[in-house]
Amino acid sequence: MTTTVPSTSRTGKVVLVTGASSGIGEATARLLAAAGHRVVLGARRADRVAAVAEEIRADGGTADHRELDVTDLAGVRAFVGAARESYGRVDVLVNNAGVMPLALLEELKVDEWNRMIDVNIRGVLHGIAAVLPVMREQGAGHIVNVASVAGHRVDPTAAVYCATKSAVRALSEGLRQESRDLRVTVVSPGLTRSELTDGISDLGMRAVAEDMMGIAIPAAAIGEAIVYAVNQPAEVDVNEIVVRPTAQS
Ligand code: NDP
């Protein structure tokens with residue numbers, strides 16, 4: 001955890017964002033900080049989260065960063081623990097980290113299936129496991145899970161990805177039903193500009209996906225939706241937001 005020297009006294013919420021080194025997570029962290037929240041950015045590319053946190057601080061915001069692999073439960077607990085030690089509480093966790101190596105099932109890319117399960121499902125569960133005791137103790141908290149339009153529909157080459165995002169929606173709804181003190185939000189983006197297609201190993205499939213991204217909306221469009229949910233009063237729980245390009249089918 002880096003030392004934070006805020007240029008102004010801030011009292012915003014303490015918000016942890018996973019997968020904050022690029023795309024939606026990065027944009028969300030920047031927007032949350034601009035809205036006055038204290039953000040902690042996590043991702044495996046520590047140099048990237050460090051640079052984003054530094055830019056946020058240079059703009060007058062409050063930001064820390066920490067190297068984070070959401071597939072490692074101990075690491076996620078350490079991420080949450082360090083934030084709590086710095087700020088005394090954790091108000092919001094944005095479970096955003098995700099991967100999308102699209103391929104036909106018949107290609108049997110079992111390692112990629114497992115990686116999607118590990119990051120997109122286990123990663124979200126690890127986040128929940130790490131913050132739930134803290135938020136229960138506080139008697140308040142907010143978990144924002146980034147799912148996808150792919151959690152609402154299934155397309156060829158995306159079966160496993162869609163399954164993981166359906167799982168995120170199911171987990172979120174279950175958590176919501178079990179909670180009277182926590183807010184639970186699912187944000188489901190459509191095509192959004194980010195680095196997500198870089199992880200598609202099938203080059204033909206990657207070209208198709210990049211072509212589809214021609215109509216993609218900026219990552220900040222999703223970040224704005226997350227900021228909206230976070231900024232609602234404590235008794236208002238925004239449960240699901242779908243944000244897609246106007247031109248997306
Ligand atoms: P990016 O690839 O730009 O961002 C993904 C982020 O996840 C990166 O910061 C990456 O950081 C992080 N990440 C990946 N694996 C891990 C890991 N094991 N531990 C910690 N962090 C990890 O793509 P997006 O911004 O688009 O993706 C963000 C979320 O939005 C994902 O859940 C994605 O499924 C979802 N989404 C995206 C859509 C789109 O069109 N872009 C549409 C619908 C949903 P690092 O590699 O440094 O660890």
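The figures follow:
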{"quantity": "Fewest-first sequence of M116, M100, M212 by Cβ atoms within 10 Å of each Cβ", "calculated": "M212, M100, M116"}
{"quantity": "Estimated inter-spin distance, A159 and V236, nm [label 7 Å along Cα→Cβ]", "calculated": "4.3 nm"}
{"quantity": "Nearest-ten-degree value, helix 46-58 long axis tilted from longest Cα axis of the chain", "calculated": "50 degrees"}
{"quantity": "Given charges at beta-carbon only (K, R positive; D, E negative), |dipole| of the range 99-188 in Debye", "calculated": "320 debye"}
{"quantity": "Residue of G81, G36, G204 that the Gaussian network model of the chain assigns the largest fluctuation, springs spanning Cα pairs under 10 Å", "calculated": "G204"}
{"quantity": "Percent breakdown of C-alpha pair distances by 5 Å bin, ordered from the shortest bin, for the chain", "calculated": "1, 7, 14, 19, 21, 17, 11, 6, 3, 1, 0, 0"}
{"quantity": "Residue-averaged 222 nm ellipticity for the chain, from DSSP H runs of 4+ at -39500 (n - 2.57), nearest 500", "calculated": "-13500 deg cm²/dmol"}
{"quantity": "Packing-based exposure ordering (other Cβ within 10 Å, fewest first) of E178, E240, E173", "calculated": "E178, E173, E240"}
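No lab work stands behind these numbers, since they all come straight from the coordinates. Predicted, not measured: the structure shown is a model, and the values here were computed from it. In this analysis, Cβ positions are derived from the backbone assuming ideal geometry, glycine residues included, and neighbour counts consider all displayed protein chains.
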